[in-house]
Amino acid sequence: MISRLTIHCAIGGVLAAACGDDPATVIQPEPSSGEAALGGAPGAGRYAVIANLESSAFLGIWDAAKPGGYDNREAFEVASYSYVFARGRDLIVAQNLNSDEVLRFEHGADGGLSRGGSFSAPAQSVPMDVVFAGPDKAYVSLLFGGQVLAFDPRTMERRGEIDLTGPELAVAEPGSGDLNPEPGALGIRGGELYVGLAQKKNTILSHSGMYMGVVDIASDTLRTSFSDQRANLAQSGGEIDRVYLDERGDLYVYGGGSYGFDPEQSHGFLRIRGGQAEFDRSYLFNLNELSFDVPGGRIDYLNHLTYAGNGLVYAAGNVPSLVSNPPDYVNDFSFRLVELNLYEQTARVLPLPPSNGYSGAVAIEGDRLLAALAAREGVGIYTYDLVTNLASSAPVVTTQGYVSQLVRLNDE
Amino acid sequence: MRCDGARSRLFPGSRECRLGWRVACVASACVEICVASGTEARAQAVAPPGIDVDPAGRSGGDGQEPLAEVTVEAEESAEEAAPRDPLPVTVIDAKKYAGRATDLNELLDRTSGVKVRQAGGAGSSSTISVRGLEGRRVAVFLDGHPLNTPDGSFGINDLPLQLVDHVEVYKGVVPARLGGDGLGSAVNVVLRDRQTSYADFGYSYASYAVQRAFAFGKYVDESAGFKAAAGAIVNTADNDYLMPRSNGAAVRRNHDGFWSVLAGGNFELARTWFSKAKLELGYVQNAKELQGVPPVGDSGVSQYDIHHARTQSQLGVVALELEKRDAAPGLDLSYDVALPYFRSRLRDTSDVVYDFDGNARPNPNGRGEVGRGPNDSDNRRWDLLHTFNASYAFSPQYSLNANHNLGVTWDRPRDELANTAAGVNVTPREGSLQRSVSALAFEGRWLDDRWVTVGAVKHFYFQSEGALTSAYDIVTAEPERVSQSQHTFGGSIASRFQLLGPLLFKASYEHAARLPSAEELFGDGLIVQGSTALRPEVSDNWNAGFYLDLKGEGRRLQLEVTGFASQIRDLITLGGALTRNYANTGAAELRGVELDVKADATRFLSLYANGTYQDLRDAAEFIAGTTQPNYLRGLPIPNVPRFYSNWGAELHGHWLAGASVRTRVFYDASYVGEYFYEYEVSRNQSRRIPGYVVHSLGLQQTFDYDRYSTNVELHDVGDVARLDEFNQPLPGRSVRLLFRMTLL
């Protein structure tokens, strides 16, 4: 059988670079088979899924061990492109651009989902990233609210707020009157909360630089802030930049660099060494300077980053050479799944089909990567075997809606 | 003989003469014709040529008594004639409601197949939905001119009913003479053009400080062959009604004030080479505060409690209307040209924001309560609209109609404050748009007019020029100027057949097209990117139905039932996430049925009811851009009501003080079934637009043969909490008063 990917390679089209030297083997199951390309069920765990339809999204539970497609019959309606975060049986949903209500759900041992409490963030504040400091304390960043809120994820009671407004933290565009940064990506190390502080010019573009605030978790007060001009935080309502804590105790911060719309800005990672409250001057993983095995060789920003441990990050990278001008968000399959090694500062493109921007969530289950893609071959969950390099070229599970979040659940 | 010099007493709306009096020459005598309904009239010969009749009309001013009574065939009103039009059209006779404290949106909303989606109270933006399709898919015309205002800053609801003759609602086929594009539905508001001198004054007051005052006048000099008319309307509103909150409490709207002034006039000459030459001038200005809405439900979109942001708009228009009847035997010509100028502004610069608990805080985004930054826009638009129509009757059976409609628009948006604050251009670029619709229609009448067929072909041409923001660099790259043109064809055929005397059968088909708009093609400069590859939306629409008209002594029953179906392709939808653009991704199938019943049960009691079932479903075969079957195929398109109905009754009579004093008591009700904001895919679906039943009561009392009219109405008697769209609360119970005086 000849797959679409194979056809692209044969005609020497836009995917030629992706087909040429990739050592991975691509297998081609029937696109509509709905079976795991790599044999058996796609996985064994349960996942929280955000599936987006027309004007809303739906939060549901997907049991990777059960065959068949995924639908939203038992799911709960939430705002489009919400973010979901899990700790034990608690699920916290930050509804991003489309609602200021922060929601709690609980998943049961039977795989069911039930609605919990909620609290309201300030109007138009855009609740975004959530981290858990403990069983009774979590934080949510409010991108356009200039705050990080502390709350109890069990009761959804607000426990405090960290005010990040003020000119001392801001880089403002003249005339905007904007006197505060936009807090987005969160990370916890020890007793400190690290807050990515974007300096937005508008909803798309940011001022150059990567700015971080450090909050003392015990007192919920801002302890210090620092910045570095070698990388650039982006952070819009569309996607969170990320802060990851590795096994060595170092923090890695990804900045999206105005999503490729500003050619002066690069995207990539900076590091904050353990015990330090500043960026490591010896480390810069500049992804603009990296050559990817894609048409044009460039990826200009990452979406849906997932840290897999040992310095490996998986993400969907936008290939500008695959973007039309003007863009065609339906037919521009410009996102390729990539594996980034933060330590080696290397990257490789995974042999999964390219996706458009409507989907693109990644989860790791053992040796298998699960990727929610909106590819020409179908919308659903694709698999990639990290050991054998085998990838499915059609969805192993079709999904009702574009999956933007795929979060592994623990029963603990 | 001529009757131009005769004057009638003209008591429009009186019980026997609900459609007014006319002076005409009948059987070699001048007669006053009392038009009691669309097809019946009584006449009395009263005034020999050149002799005035006492305007009060109780008796002839010169002592003359009526000479004789004759029966004549009266010209039908547009509403009466509509069922026999081969096209699927519903006509609302606005004159019937001129004495009532209601408005055009409410009348349209009580029409089968139509819902008016409103964002709030008086002065708020609204869109007309016909059989589930709305926005640019429904063409809106004012006296045949496409209504093409930027930002929705002016709408037909700005017009008081007293200025409107009737409203034509085309459902499935749009007549060729209107031009314009759309998916087969159109609303044409026809302004009133009385042929006599008159003055009309009125004032209305309603709950939430909704006020309207109007004064119109017209002078007709038949001997000199000219007419001049002028009028002005002032609207104001506080719209301070309560809105629900998620916590069960309510909050009062506090920043939804609105005012508008409309003024205009026209001058018409009847005795030039043209049968009619009319010059019109119009001016509109309005200002509106913007109201924030608290979220309802735990996924509700949140806004600030806006305290400062507001819009202002101005519109000026000059129009020339020329008609030449019988330019050659059987040939009628008309030419209209209009030059509207629009200016709209949004000022949103507050550095303080407020929540719905009354707390104020520094604006975390700097300035602006509506978006993510400040605005101080000054957008200007110039339009040139022209319509040429030639109608030629080959014979009493056959006629041809050729029509050309051209609209040229130049847009010049400005918002330096927004651009400076955002660091890049965030406003649309200057551009122009040219739309041309050419149509040729044929009408044939056979079997002694029992069978009438109208066919038309249309050619749509579209050319636009704008600027595209680069998809790769929006900081340093200059936007690329692009020009684009498209054309496509449409066509329709409609037939009406008289099966039996009172029973008609109608059927029609149209292949319709809607051309992409400039905003869809070129975006807004930042968030919405351009989409120059867009194709026109197209639809194939079918209608078939029966109309029954049974008349008895003082009684009448009219029943119309219509089935309809449409297949719609290449629907243009807005997609994307980080930035967005439009794409031809959708397809839909529409099935439905409408039922309209009107009855004059007695001479004193009229009843009406209508119901619409519309089933609009996703019909896209594949998920957009993929080869995967569409998982939403067959599901109802969200945010579209599926069933709605209206019913009401009116008691009318001369119960208080004789024939000159008339009383009307009326009752209206509307029902809309619950519908979903999103595709219905979950058992736990929470975003619903709740259904409702709304009842309204009213009493109208007129004096001196309708010269003076008072009206009191209680709308939404049950104070039902209604949301339109999603999360847009509408006013609840309201009391309305209207006083009106008409001098003839």
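The values are calculated or read from the model by the stated rules, or taken from the named source; none is laboratory data. What you are looking at is a predicted structure, and each value in this text was computed from that prediction instead of being measured. For neighbour counting, all protein chains shown are included, and Cβ atoms are generated from backbone atoms with ideal geometry for every residue, glycine included. Keep in mind that these areas ignore ligands, DNA and RNA; they rest on the heavy atoms of the full protein, side chains included. Shrake-Rupley method; radii C 1.70, N 1.55, O 1.52, S 1.80 Å.
Roughly how compact is region B:596-646, stated as its Cα Rg over 2.2 N^0.38 Å to two decimals?
2.01
Which trypsin sites (Lys or Arg not before Pro) in region B:232-327 pass both tests, a DSSP loop state and at most 11 other beta-carbon atoms within 10 Å?
none
Evaluated at 37 °C with a viscosity of 0.692 mPa s, what Stokes-Einstein diffusion coefficient in µm²/s does the protein assembly as shown have when Rh comes from the Kirkwood expression over alpha-carbon pairs?
In µm²/s, the coefficient is 101.
For region B:450-606, take the alpha-carbon Rg, divide it by the Kirkwood Rh, and send me Rg/Rh.
Here the Rg-to-Rh quotient is 1.22.
Rounded to two decimals, what is the ratio between the C-alpha radius of gyration of chain A and 2.2 N^0.38 Å?
For chain A, the normalised Cα radius of gyration comes out at 0.94.
With contacts defined as alpha carbon pairs under 8 Å and 6 or more residues apart, what's the relative contact order of region B:607-744 in percent?
Relative contact order comes out at 18 percent.
Under 9 Å from the Cβ of B:G423, count the other residues' Cβ atoms, weight Lys and Arg +1, Asp and Glu -1, and hand me the total.
Result for the local shell: 0.
About the Cα centre of the protein assembly as shown, how large is the charge dipole given +1 on each Lys and Arg Cβ and -1 on each Asp and Glu Cβ? Please answer in debye to the nearest 20.
With Lys and Arg at +1 and Asp and Glu at -1, about 2040 debye.
Would you list which aspartates and glutamates come within 14 Å of A:K201, measuring only between C-alpha atoms, while excluding same-chain residues fewer than 8 positions from it?
A:E173, A:D178, A:E182, A:D262
Going by average Cβ density within 10 Å per residue, which order do the peptides A:47-53, A:254-260 take, highest to lowest?
Packing order, densest peptide first, comes out as A:254-260, A:47-53.
Once the piece of chain linking B:R361 and B:Q211 is laid out straight, how much longer is it, given 0.36 nm per residue of separation minus the C-alpha distance between them?
50.6 nm
Taking a label point 7 Å from the Cα of B:L714 along the Cα→Cβ vector, which residues of region B:627-664 have an amide N closer than 20 Å to it?
B:647-652, B:663-664
Per residue Cα convex hull volume for region A:145-221, in cubic angstrom?
Given the Cα convex hull of region A:145-221, per-residue volume reads 104 Å³.
Using the alpha carbons of chain B, what is the convex hull volume per residue in cubic angstrom, as a whole number?
161
Rg/Rh for region A:162-272: what does it come to with C-alpha atoms and Rh from Kirkwood?
Ratio value, two decimals: 0.96.
Can you tell which of B:L108, B:G123, B:V138 lies farthest toward the positive end of the dipole of region B:99-139, using +1 and -1 charges on the Cβ of basic and acidic side chains (Lys, Arg; Asp, Glu)?
About the Cα centre, the residue reaching furthest to the positive side is B:V138.
Using alpha-carbon pairs under 8 Å, 6+ residues apart, how would you state the relative contact order of region B:271-310 in percent?
For region B:271-310, the relative contact order is 34 percent.
Among the GluC sites (Glu not before Pro) within region A:224-269, which fall in a DSSP loop and have no more than 15 other Cβ atoms within 10 Å of their own Cβ?
Answer in residue order: A:E247, A:E264.
Show log10 I(q)/I(0) for region B:416-478 at q = 0.27 Å⁻¹, two decimals, from a solvent-free Debye sum over equal Cα scatterers.
The Cα Debye sum returns log10 ratios of -1.11.
In whole angstrom, note down how far apart the Cα centers of region B:359-412 and region A:44-65 are.
Here the two parts' Cα centres lie 42 Å apart.
Sequence gap at least 6, Cα distance under 8 Å: using those rules, report the relative contact order of region B:528-619 to the nearest whole percent.
Dividing the mean separation by the residue count of region B:528-619 yields 27 percent.
Across bins of 5 angstrom width beginning at 0, how are the C-alpha pair distances of region A:49-198 distributed, in whole percent?
2, 9, 18, 20, 18, 13, 9, 5, 3, 1, 1, 0
Quick one: Cα convex hull volume of region B:268-406, Å³ per residue?
Measuring per residue, one finds 181 Å³ for the Cα hull of region B:268-406.
Is there a simple number for the mean count of other chain Cβ atoms within 10 Å of the Cβ of residues in B:365-372, and what is it?
Mean partner shielding for this stretch: 6.
Would you mind getting the Kirkwood hydrodynamic radius of region B:522-613 from its Cα pairs, rounded to one decimal in Å?
16.9
Calculated from DSSP H runs of 4 or more alone, at -39500 (n - 2.57) each and per residue, what is the 222 nm mean residue ellipticity of chain B, nearest 500?
Only helices count here, giving -500 deg cm²/dmol.
Divide by every residue of chain A the summed helix terms, -39500 (n - 2.57) for each DSSP H run of at least 4, and state the resulting mean residue ellipticity at 222 nm, rounded to the nearest 500 deg cm²/dmol.
My calculation for chain A gives -500 deg cm²/dmol from helical runs alone.
Averaged per residue, what accessible surface does chain B expose to a 1.4 Å probe, in Å²?
41
To make sure I understand the rule: partners must be lysines, Cα under 28 Å from the Cα of B:K96, and not fewer than 8 residues away in the same chain. Which ones qualify?
The reachable lysines, counting only those whose Cα sits under 28 Å from B:K96, are B:K115, B:K171, B:K218, B:K227, B:K276, B:K278, B:K506, B:K551, B:K598.
For region B:283-340, what is one quarter of the convex hull surface built on the Cα atoms, given in nm²?
8.0
Taking a cut-off of 12 Å between Cα atoms, list the aspartates and glutamates near B:K458, but don't count ones fewer than 8 places away on the same chain.
B:D181, B:E510
Arranged from highest to lowest average of other beta-carbon atoms within 10 Å per residue, in what order do the peptides B:124-136, B:540-552 appear?
Answer by packing, highest mean first, reads B:124-136, B:540-552.
Show me A:397-404, B:357-364 ranked by packing, highest mean number of other Cβ atoms within 10 Å first.
A:397-404, B:357-364
Normalise the Debye intensity by I(0) for region B:326-485, one equal point scatterer per Cα, no solvent, then take log10 at q = 0.14 Å⁻¹ and round to two decimals.
For the requested q values the scattering log ratios are -0.87.
What does the average come to when, for each residue of peptide A:110-122, you count the partner chain Cβ atoms lying within 10 Å of its Cβ?
The shielding value for this peptide is 2.
For A:72-85, what's the mean count of beta carbons from other chains sitting within 10 Å of each residue's beta carbon?
That works out to 4 on average.
Go through region B:652-727 and name the chymotrypsin sites (Phe, Trp or Tyr not before Pro) that are in a DSSP coil and have 16 or fewer other Cβ atoms within 10 Å of their Cβ.
Sparse-neighbourhood loop chymotrypsin sites (Phe, Trp or Tyr not before Pro): B:W655.
What is the local net charge at B:T476, summed over the other residues whose Cβ is closer than 11 Å to its Cβ (Lys, Arg +1; Asp, Glu -1)?
In short, -4.
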